[in-house]
Amino acid sequence: KEEALEHDSKSCLPGYYTPAELKSFMERPPQDPNSPGADGKAFKKDQWTQEETKEKERGYEKHCFNAYASDRISLQRALGPDSRPPECIDQKFKRCPPLPTTSVIVVFHNEAWSTLLRTVYSVLYSSPAILLKEIILVDDASTDDYLKNELDNYVKQLQIVRVVRQLERKGLITARLLGASVAKGDVLTFLDAHCECFHGWLEPLLSRIAEEPTAVVSPDITTIDLNSFEFSKPIQYGKQH
């Protein structure tokens, strides 16, 4: 992969990538600002029935977060206006050396359907098509039925998303290595199975690797509240890089 990146840099074009060139793989559909959790806001519910309370408690017991709230938030929710510092929003990326492609690898074991699929959609809606080679979902021997044939059939509509499976549970690192062994992208990007990507998350990471192919990079990570699923947006602290 490192040799391929070095070869590409010898034949790349001058100048900077245009916004059109960095268009996301998928365009996010129109959002209902009044829907639960819209724009990364907190899920709110004032009155609970006995059955709803039990469902929420079961979600906490199984997943350690409010799966009841997650299941009622759109899988395709946006996270609101871009709140990154101006120098991040306005950053341009050189065509030479070219930005490498990436395989996004997500490991899961009995993950909630809504958080797993929201992670996938978040990547598809926020990653440039020319850079996102594929999304590989690695099943670390899940036992929930909905994560088997139902998941396989669902991701077929998403074109570049596929599922690979471990028949025995072997843990996060072994599962990531399985994903890496079948990846086709120039770079490997590892994400958790319950995250959401903000605007412009991928390009800066790949830019660092284009400059230094042996680099291992990590983004700034904000939080999603485990109770309300409120997304903590990046805060402008002034120049950070």
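The values are calculated or read from the model by the stated rules, or taken from the named source; none is laboratory data. Everything quoted here is computed from the prediction, not taken from an experiment. Here the Cβ is made from the backbone with ideal geometry for all residues, glycine too, and neighbour counts use every protein chain on show.
Confirm whether residue 115 is of a type in the set (S, T, N, Q), surrounded by fewer than 20 Cβ atoms within 10 Å (Cβ to Cβ) and not in a strand (DSSP E or B).
no
Can you find a residue in the range 42-53 that is aliphatic (A, V, I, L, M) and at pLDDT below 95?
Looking through the range 42-53, none of the residues is aliphatic (A, V, I, L, M) and at pLDDT below 95.
List pairs: first residue in the range 35-51 and surrounded by 13 or more Cβ atoms within 10 Å (Cβ to Cβ), second residue at pLDDT below 95 and among the polar types (S, T, N, Q) anywhere in the structure, Cβ distance under 9 angstrom, at least six positions apart or on different chains.
Within 9 Å, the pairs are 38/31; 39/31; 40/232.
Could you check, for the range 81-88, whether at least one of its residues is of a type in the set (Gly, Ala, Ser) and closer than 20 Å to residue 194 by Cβ?
no
Is there any pair with a first residue in the range 1-22 that is modelled with pLDDT under 85 and a second that is part of a loop (DSSP other than H, G, I, E, B) and of a type in the set (A, V, I, L, M, F, W, C) whose Cβ atoms are under 7 Å apart and which are 6 or more apart or on different chains, and what are they?
Going by the 7 Å Cβ cut-off, the qualifying pairs are 9/96; 12/96; 13/96.
Can you tell me which residue among 191, 177 is free of Cβ contacts under 8 Å to residues at least 60 places away in the same chain and aliphatic (A, V, I, L, M)?
177 is the lone residue from the list that is free of Cβ contacts under 8 Å to residues at least 60 places away in the same chain and aliphatic (A, V, I, L, M).
Among the residues of the range 136-195, which ones are assigned to a strand (DSSP E or B), out of contact with any His (no Cβ under 6 Å at 6 or more places or on another chain), of a type in the set (D, E, K, R) and crowded, with 19+ Cβ neighbours inside 10 Å?
Across the range 136-195, the qualifying residue is only 139.
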